1. Could you tell me whether any residue of region 133-152 is in a helix (DSSP H, G or I) and without any contact (Cβ under 8 Å) to a residue 12 or more places away in the chain?
2. So which residues in region 248-263 are free of Cβ contacts under 8 Å to residues at least 60 places away in the same chain and either within 14 Å of the ligand (Cβ to nearest atom) or under 23 Å from residue 13 (Cβ atoms) (or both), if there are any at all?
3. Considering only region 81-92, I want to know if a residue exists there that is under 18 Å from the mean Cα position of the chain (by Cα), of a type outside the set (Asp, Glu) and either within 16 Å of the ligand (Cβ to nearest atom) or within 30 Å of residue 204 (Cβ to Cβ) (or both).
4. For region 189-232, which positions are of a type in the set (Asp, Glu), in contact with a His (Cβ under 9 Å, 6 or more places away or on another chain) and within 15 Å of the ligand (Cβ to nearest atom)?
5. Of all strands (runs of 3 or more DSSP E) completely enclosed by region 157-225, which ones contain at least 1 residues that are closer than 26 Å to residue 253 by Cβ, touching a residue at least 12 places away in the same chain (Cβ under 8 Å) and more than 19 Å from the chain's Cα centre (by Cα)?
6. Out of 235, 240, report the one residue that is in the same structural domain as residue 155 (by TED's automatic domain parsing) and at positive phi.
7. For region 206-217, check the following and say yes or no: at least one residue is among the small types (Gly, Ala, Ser) and over 19 Å from residue 172 (Cα atoms).
8. Can you name the residue in region 137-176 that is more than 14 Å from the ligand (Cβ to nearest atom) and crowded, with 24+ Cβ neighbours inside 10 Å and, of all such residues, is farthest from residue 271 (Cα to Cα)?
Amino acid sequence: MAKIIDGKAIAKKLRAVVATQAAVLKEQDVIPGLAVILVGDDPASEIYVRNKERAAAKVGVNAKTFKYPNDATEAEVLAQVEALNQDETIDAILVQSPVPSQINEQKVQEAILPAKDVDGFHPENSGRLFAGQKGYYPIANTPRGIMTMLRHEEIDLVGKHVVVLGRSILVGRPMFALLQAANASVTLLHRYTPADLRRQLLATADVVVVATGVPNLIMGADLKPGATVIDVGMNRLPGNKLVGDVNFETATKVAGAITPVPGGVGPMTIATLLETTVELAANHHQIELEQGWQNI
Ligand code: NAD
C-alpha cells in the first residue's frame with residue numbers, strides 16, 4: 001500500500017514557518033498585505049477566497065477582498081489593480097479565477113506590478129521561470145507547493161522520469177519548468193495526447209503529477225509500481241463529493257506514495273500563497289528572511 005502524503009500536515013508546518021517570518025516583519029512594523037480581487041458570484045471562488053482570508057489572518061497576513069459584481073467592467077477591475085499597485089500597505093495582489101467573459105484575464109494579470117504578482121502569472125515572472133533564471137521572483141503557488149511537498153518527502157527527482165498531465169498556466173506549465181529546474185526528465189501531456197501514448201509514458205514514470213480536472217483519468221493499472229503520485233485535481237461529483245483526477249482506491253495499491261484529495265495539494269497551495277505574500281512584503285521593505293521551505 002502506498003504511503004499517503006499528508007499535505008495538511010506539511011502545510012501546517014509551512015504555515016508555522018510563515019507565521020514566524022510574519023512576526024519578524026511585524027517587529028519592523030510591516031504587516032504583509034494581500035489583496036484578492038473577486039469578480040462575480042461563483043460559489044466555489046467565494047469559498048476559496050474565504051479560506052484564503054481565514055488562513056491569512058492566522059499567520060499574521062492582512063488579506064483584503066475587493067468584490068465586484070458579475071457585470072463589472074474590465075476598466076473598473078483595471079482601475080482597482082492600479083490603485084492596489086500604488087497602495088503601500090499591499091504587497092501581493094491576486095485576481096481570483098475565473099472572471100466573467102467581458103474581462104480579459106490576461107490583460108488584468110499583466111496590469112499587476114510584477115513585484116506584487118503573488119500568483120507568478122505576469123509574463124515577467126513566468127518568463128524568468130521558463131528561462132531558468134536564478135534569484136527571487138514569485139512562482140505559481142500550486143506547483144511551488146508541490147515542489148515543497150516533494151522535497152519534504154525526500155522524493156528523488158534527479159534524472160527521474162516525471163510525467164505531468166495538464167498544461168495550464170496555473171499548474172501544468174510552471175510545474176514542468178520547476179521539475180526541469182530540479183533536473184528531472186519531464187514529459188508534459190495534455191488533452192490531445194492519445195490514451196495509448198499516455199499509458200506507455202506512465203508505465204515508465206517515477207513521479208506523476210495530474211492536473212486535468214478529469215476524475216478517474218489515472219487508474220492504478222496505469223502506474224509504474226512504486227511511483228509517487230501527486231493528484232492536483234479537485235472535482236465535485238454529484239452529491240458534492242470532492243475527488244481528484246486519480247482513482248485513489250486502485251492507485252494506492254500500486255503507487256509508492258500518493259496525495260489524497262482532499263488533504264493533499266489543496267492545503268499546500270494556500271500555505272504557499274501565504275509564504276509568497278510574506279516574501280513579497282519582505283522584498284518590498286528590503287528585510288532579509290530565511291527561506292521558508294528549508295525550515296519545515
Ligand atoms: P485547466 O482546465 O486550465 O487545464 C486542464 C489541463 O488538463 C489542460 O491543459 C488540458 O489539456 C489537460 N487535459 C485535459 N484532459 C486531459 C487528458 N485526458 N490527458 C492529459 N491532459 C488532459 O485546469 P487547471 O486550472 O490546470 O486545473 C486542473 C485541475 O486541478 C482542476 O481539477 C482544478 O480544480 C485543480 N486545481 C487544484 C488546485 C489545488 O490547489 N489543489 C489548484 C489549481 C487547480
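The values are calculated or read from the model by the stated rules, or taken from the named source; none is laboratory data. Only a predicted model underlies this, so the values are computations on that prediction, with no experimental measurement involved. All Cβ positions, even for glycine, are placed from backbone atoms using ideal geometry, and neighbour counts span all protein chains on display.
1. no
2. 261, 262
3. no
4. none
5. Correct list: 161-165, 185-189.
6. Testing whether each residue is in the same structural domain as residue 155 (by TED's automatic domain parsing) and at positive phi leaves just 240.
7. No - not one qualifying residue is present in region 206-217.
8. Only one residue fits best here, namely 162.
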